[in-house]
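Peer 1: What follows is a single structure, and I will ask about it in a moment.
Please treat every number below as a calculation from the coordinates, not as lab data. All values reported here derive from a predicted model rather than from experimental measurement. Note that we place each Cβ from the backbone using ideal geometry, even for glycine, and neighbour counts take in every protein chain shown.
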């Protein structure tokens, strides 16, 4: 069946993304294409960048269970928006675990993921975290709050919202803290102008942003809490701060329409207590508050997930992703898009 012009352009752009993706495989046929894996003993996971390390233990522990015995995995990780476009272009996927809901919506629009993907008890969410501020060892700039980020001489690293889901979480946290403190939309936009004026780098993904910061760029990195913890577990020598007002990050998961039976069993494991415990040990806040673990790399390993003074959410404070994505990140009229363009750093 011939493609229409819109789909052809979308396919060409996404195909370019596929060619540049980091793709690792534990299966015998990494070149296979199509939305789902088909093979009942194979799982193709397409995830946002920071899940590459976190999934290692989850997969290993799943393979020790009766359901996971003999199951092999193909895995692809990268910036969330790029990953969604790659799946549309034909990158093989049984499970998509992306940074934010609009990237899954792209796949429902293409009939790759069913429209009822959020109907389960987990509401389509697999992992969650909060926006944090990663600082140099000893916090030499004394960064404790959002207002500290717009002081003269403070240099910020955060991913680019054009490709990275984590960037959108970061910027909405920065914007939303003004509203949470009683400010107006105009006040929030004025704050964001100052914030963008202090941005030193906009890497393509959350993982790339962490790499840039570790390489010496910037005084502060906006990051997922779990990303900061994971980096410290790997030996990174920096500190991190959970600001008084921050945003709850909830990362969606969905199975493609023709996902393998093994993928369905794997998702059940990821949502189970053992799976969520594995993610918690990697720095993700478990979906079940009853799960308690010591977390190496956290500021307080015995109490790794402190409750901030104000915890913003997309649904309650920004009208949900459908509204927020258009209002702030529309490619032509979004508030953040325009502010980024005006800053000359987009």
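Peer 1: Give me the percent relative contact order of the stretch 263-346, please, defined on Cα pairs under 8 angstrom at least 6 residues apart. Could the numbers behind the result be given before it?
Peer 2: On the way: 56 pairs, mean separation 9.7, N = 84.
Taking the mean separation of contacting Cα pairs over the length of the stretch 263-346, I get 12 percent.
Peer 1: Residue 302 versus residue 272, label points 7 Å from Cα toward the beta carbon: distance in nm?
Peer 2: Simple spin-label model gives 3.1 nm for this pair.
Peer 1: Which value in deg cm²/dmol, rounded to the nearest 500, describes the helix-derived mean residue ellipticity at 222 nm for the chain, given -39,500 (n - 2.57) per DSSP H run of n ≥ 4 and division by the residue count? Kindly include the intermediate steps, with their values, before the conclusion.
Peer 2: Values: 13 runs with 138 residues, N = 346.
Roughly -12000 deg cm²/dmol at 222 nm, from the helical runs in the chain.
Peer 1: Along the Cα→Cβ direction, 7 angstrom out, place labels at residue 56 and residue 338. What is the inter-label distance in nm?
Peer 2: With each label placed 7 Å out from Cα toward Cβ, I get 4.5 nm.
Peer 1: State the Cα centre-to-centre distance between the stretch 201-231 and the stretch 104-164 in whole Å.
Peer 2: A separation of 11 Å, based on Cα centres.
Peer 1: While we're looking at this one, here's another question. Figure the gain on full extension for residue 258 and residue 122 (residue separation times 0.36 nm, minus the Cα-Cα span) and round it to one decimal in nm. Don't jump to the answer; show the numbers that get you there.
Peer 2: On the way: separation 136, 0.36 × 136 = 48.96 nm, distance 2.07 nm.
Between residue 258 and residue 122, full extension yields 46.9 nm more.
Peer 1: Another question about this same structure. Under a GNM of the chain (C-alpha, springs under 10 Å), which listed residue has the highest mean-square fluctuation: 324, 190, 200?
Peer 2: Taking springs between Cα atoms under 10 Å, the residue moving most is 190.
Peer 1: To continue, here is another question. Kindly rank 211-221, 75-85 from highest to lowest mean number of other beta carbons found within 10 Å of each residue. Don't skip to the end; give the middle numbers.
Peer 2: Values: 211-221: 18.8, 75-85: 26.5.
The densest-packed peptide leads the list: 75-85, 211-221.
Peer 1: How far, in degrees from 0 to 90, does helix 320-329 lean away from the longest principal axis of the Cα atoms of the chain, to the nearest 10?
Peer 2: The answer is roughly 60 degrees.
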